[in-house]
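Report on one structure; see the data block that follows.
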Amino acid sequence: MPRLPKTWLIAGAFLWSTASIAEPLNVADLQGSWKLIAPSSTDEKALPRFTIEGQAIQGFDGCNEFSGRLDQPGSIGSTRRGCPEHALRLPLDMSDPMPRLRSGNIENGTLTLPADARFSRASFKKTP
């Protein structure tokens, strides 16, 4: 079996370790305003969005306005408007959104949340 140069082995191990170990996101990473970009909608006003300032979160879930605290699961309240069946909804469990938010990654101003048992993959763009 041919032997690989030691520098190739070290470089390969480094790349593998950095690619396979991603730190979960925290509240500091998520500060600011985010608007859903995928899946998308042609109705800009109906796009789900949220803003995180400190531990506070507020936003629009596609039908209703909501607000509460990320460090107090169950504290997020919302309006109770009826929602059209086809409305694009915010892909977060509003009783405790942090577990799903932690599972995402941020690259070039885009927050991507992976698919899970309840929600499909979703992407948000950071807005000014």
Check on Ser103, surrounded by fewer than 17 Cβ atoms within 10 Å (Cβ to Cβ) and touching a residue at least 40 places away in the same chain (Cβ under 8 Å)
yes
Total residues in the stretch 76-90, condition touching a residue at least 40 places away in the same chain (Cβ under 8 Å) and out of contact with any Gly (no Cβ under 8 Å at 6 or more places or on another chain):
0
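Each value in this text was obtained by applying a stated rule to the coordinates, not by laboratory testing. All of these numbers come straight from a predicted model, not from anything done at the bench. For neighbour counting, all protein chains shown are included, and Cβ atoms are generated from backbone atoms with ideal geometry for every residue, glycine included.
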